[in-house]
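What follows is one structure encoded as structure tokens, with my remarks underneath.
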Amino acid sequence: MKSSLKMTKPLFGDVLVLFLGLIFVGVLFSTLWNHAPAAKVQIRLGDKIYATYSLDQNRTVEVKGPIGITRILIDHGKARFASSPCPNQYCVHQGWLSHMGQAAICLPNQISLELLGGEKPFDSLNY
Amino acid sequence: MMDSKENKSIKIQTTVDDHRIAKLAALAISLHLVEAVLPSPLPGVKPGLANIVTLFVLYRFDFATAAWVSLLRVFASSLLLGSFLSPAFALSLSGAIFSLGVLFVGQYLPRKFFSAVSLSILAAFAHMAGQLLVVRFWLIPHAGIAYLIPIFMGAALVFGVVNGLLTNYLLSMNSAKQAG
Amino acid sequence: MRFLALLMVMLMGACAKPPLVQTQSYVFGTLVDITICGETEEKAHAVSNQILQDFQRLHNQYHAWQESSELSKLNQSFALGKSPISIGPELSDMLIQAQVLSKQSQGLFNPAIGGLIAAWGFQRDEFTPVEIQDVLIQELVKANPEMSDIEIKNNSAYSTNPSVKIDLGGYAKGYALDMAVAELHKQGIKNALINIGGNIIAVGQHGVKPWRVGIQHPRQPGPMATLDLPDGWAIGTSGDYQRYFEQNGKRYCHIIDPRTGYPAQGVQAVTVLIPPGPNAGVLSDVASKPIFLSAPEMRQSVAKSMGVDHYLLVDAQGEVTLSVAMNSRIHWLIEPKSLIIQ
């Protein structure tokens, strides 16, 4: 394009469409990127990472800890402690985890669940 | 086509416009092929230069012609690339149909306020939406697409603006030529 | 322009986004999480393991109910009304500090009520409903064990009140945090985050941004809010959702009111944020309890007397009260149904 591009005044309608387009894209970023559901669940036993599973499946995982076998249920985008040999069942009562950063722990059996998927909104959880 | 019992040679009457349209269609196909060969940073994200031709035809001729050129491009390119009836073809066709749908309505926007840039942006969004729907409901039915949608739509916006500006430029050159 | 970018990257120092080395372990009777940023894996693991070992030692030495611990031996001596026994300098320092804090909280922070804690079954690894022995509880309240009953001199201690039984549960995690920070500084680690059972202290930053912590929702599995923890700041929460049991539809948590002998009612959680200082860790552990135990109209003044500017309280109805300072730092993820800023 060797001829000069004449810079005519942009049309009002064009500016409007461009502006609305920018808002549209912005809204997409803010809605789809902030509440992105978690992609993986990380199961830890004691000090070590026991396993990391994709949340996109239906699966039961049995983990043997110091006091017995804990069953963890993964079901298409969410995970939970299904059963555990601990006396208080706090872990089971936590219910379904479905968002990035959510975690549950069975202290007596030293098993923890954490949902990972992209950037966690924080580095550590105070409780 | 003229059906005749006599063994006359069949002549298809073509007008000057037909020639022009054919040339433009060929140009659109070429642009599509060139883009198909060039690598793109994100799979499925292309500048869509062939859409410039579609818009140009819409302004110079009419919607029906633009639709012809567009669909011709989709079918011919896929045949030439050997991707007829493949996923790539489905994406291309879906995108074309959605953007034509938007152009069908958008062509009535008052030219005083809206130039090809507006139509190009709207068509680009529609094109991308059509492609994303094919991906989501046929090719990869996976929730993970949510992350990509904003990026693809952002790219559509950018390319929509660029293509629209190029179309405006070409239209002004072309009318300058026709005027003088 | 490129030069400037390169320079900036170099100046940011070692802690760009990766490498993060995270170590998790079950010590201290709870989950401990150490995150170190900007060091080699070997160094990070070596330092983390050292700190975890220190924690294990603290856990064993000052265990509230294992009879072999140094603390238990001291408690036994108190119970028998014996003459002073010698204690290590570390325990001596801890007890003196606890005395100061107990006084500062007008007795609401009272580590001497181990007897009451045991009566409610919280001196165990797991918590199940216990038969509520009201008579015993009233006796213990009447006996009024206090930190001021303890005389500490020249690394020896005795108690004028045989009912004093020290349980450092609401103090030890904070002490461990301060100890860990000292160790990290000694080892030259500039950026780390230590989480002991939910109590967190920050060293340095996470790359170019401060460390960010989430605050657990008292009744839901995820965080209700996040806030930034700059270098040296500590955060602690006392809640009724970690150590508790339910009986006849009522929840009995591990935070016992020394005045009544019964677990606090009416509050789900209190979070305090402590600015940098040599005792930031201790304060983050201790200071939430007096606020937890105070009547609603007293909370603000109690916080002030503990030197706490940043606090947040969730009551039994899920309504939130927080200080102006805390309000300016907190980012809500789940908006509370009502908010009182004081």
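What follows draws every value from the coordinates through simple rules; no lab data is involved. Note that the coordinates shown come from a computational prediction; the quantities given were computed from them, not determined experimentally. In this analysis, Cβ positions are derived from the backbone assuming ideal geometry, glycine residues included, and neighbour counts consider all displayed protein chains.
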Worksheet item: When you look at the Cβ of every residue in C:201-213, what mean number of other chain Cβ atoms sits within 10 Å?
Response: 2
Discussion item. To make sure I understand the rule: partners must be lysines, Cα under 26 Å from the Cα of residue C:153, and not fewer than 8 residues away in the same chain. Which ones qualify?
Written reply: C:73, C:82, C:103, C:165, C:173
Item to complete: Report the normalised scattering of the protein assembly as shown as log10 I(q)/I(0) at q = 0.06 Å⁻¹, calculated by the Debye formula with identical scatterers on the alpha carbons.
Response: -0.50
Discussion item. Projecting each Cα onto the charge dipole of chain C (Lys/Arg +1, Asp/Glu -1 at the beta carbon, about the Cα centre), which of C:98, C:145, C:75 comes out farthest on the positive side?
Written reply: C:98
Worksheet, complete the sentence: From fewest to most C-beta neighbours within 10 Å, the residues C:250, C:165, C:43 line up as C:250, C:43, C:165
Discussion item. From the helices alone, meaning DSSP H stretches of at least four residues, give me the mean residue ellipticity at 222 nm for chain C, per-run term -39500 (n - 2.57), in deg cm²/dmol to the nearest 500.
Written reply: -10000 deg cm²/dmol
Practice prompt. Extending each Cα 7 Å along its Cβ direction at residue B:68 and residue C:53, get the distance between those two points in nm, one decimal.
Written response: 8.5
Practice prompt. Please report, in cubic angstrom per residue, the volume enclosed by the convex hull of the alpha-carbon atoms of the range C:61-170.
Written response: 100
Practice prompt. Over the alpha-carbon set of the range B:16-173, work out the extent along each principal axis and list the three values in angstrom, largest first.
Written response: 47, 35, 25
Worksheet item: Expressed as a rounded percentage, what relative contact order does chain C have, with Cα pairs under 8 Å and six or more residues apart?
Response: 15
Worksheet item: P(r) of chain A in 5 Å steps, Cα pairs, percent per bin?
Response: 2, 10, 16, 17, 13, 8, 5, 4, 4, 4, 4, 4, 3, 2, 2, 1, 0
Discussion item. If the only charges are +1 at each Lys and Arg Cβ and -1 at each Asp and Glu Cβ, what is the size of the charge dipole of the range C:219-263 around the Cα centre, to the nearest 20 debye?
Written reply: 300
Worksheet item: For the range B:9-16, in order, what is each residue's ³J(HN,Hα) by Karplus, 6.51 cos²θ - 1.76 cosθ + 1.60 with θ = phi - 60°, in whole Hz (x at glycine and Pro)?
Response: 6, 7, 10, 8, 6, 10, 9, 4
Worksheet entry | ³J(HN,Hα) computed for each position of the range A:120-127 - Karplus, 6.51 cos²θ - 1.76 cosθ + 1.60, integer Hz, glycine/proline x | 6, x, 8, 8, 7, 9, 8, 8
Worksheet item: What is the order of C:335, C:90, fewest Cβ neighbours within 10 Å to most?
Response: C:335, C:90
Item to complete: Enumerate the lysines that residue C:337 could reach by cross-link, defined here as Cα to Cα under 16 Å, with residues fewer than 8 away along the same chain left out.
Response: none
Worksheet item: Which whole-angstrom value gives the distance between the alpha carbon centres of the range A:54-119 and the range C:253-282?
Response: 29
Fill in: Charged-residue dipole, Cβ positions (Lys, Arg, Asp, Glu), the range A:40-116 about Cα centre, Debye nearest 20
60
Worksheet item: How big is the shadow of the Cα convex hull of chain C, averaged over all directions, in nm²?
Response: 18.8
Worksheet item: Using the alpha-carbon atoms, what tilt in degrees (0 to 90, nearest 10) does helix C:89-104 show relative to the longest principal axis of chain C?
Response: 80
Fill in: Rounded to the nearest 20 debye, dipole of the protein assembly as shown from Cβ charges on Lys, Arg, Asp, Glu
2680
Discussion item. What is the angle, in °, between the Cα long axis of helix C:2-11 and the longest principal axis of the Cα atoms in chain C? Nearest 10 is fine, range 0 to 90.
Written reply: 20
Practice prompt. Compute the long axis of helix C:41-61 from its Cα atoms, compare it with the longest principal axis of the Cα atoms of chain C, and write down the angle in degrees, 0 to 90, nearest 10.
Written response: 10
Worksheet item: Residue by residue, what Karplus-based ³J(HN,Hα) values in Hz, rounded to whole numbers, does the range A:53-70 have, using 6.51, -1.76 and 1.60 with θ = phi - 60° and x for Gly and Pro?
Response: 10, 5, 7, 8, 7, 10, 7, 10, 10, 9, 10, 9, x, x, 10, x, 9, 9
Discussion item. Using the Cα centre of the protein assembly as shown as origin and beta-carbon charges of +1 (Lys, Arg) and -1 (Asp, Glu), tell me which of C:135, B:31, C:162 is placed farthest towards the positive end of the dipole.
Written reply: B:31
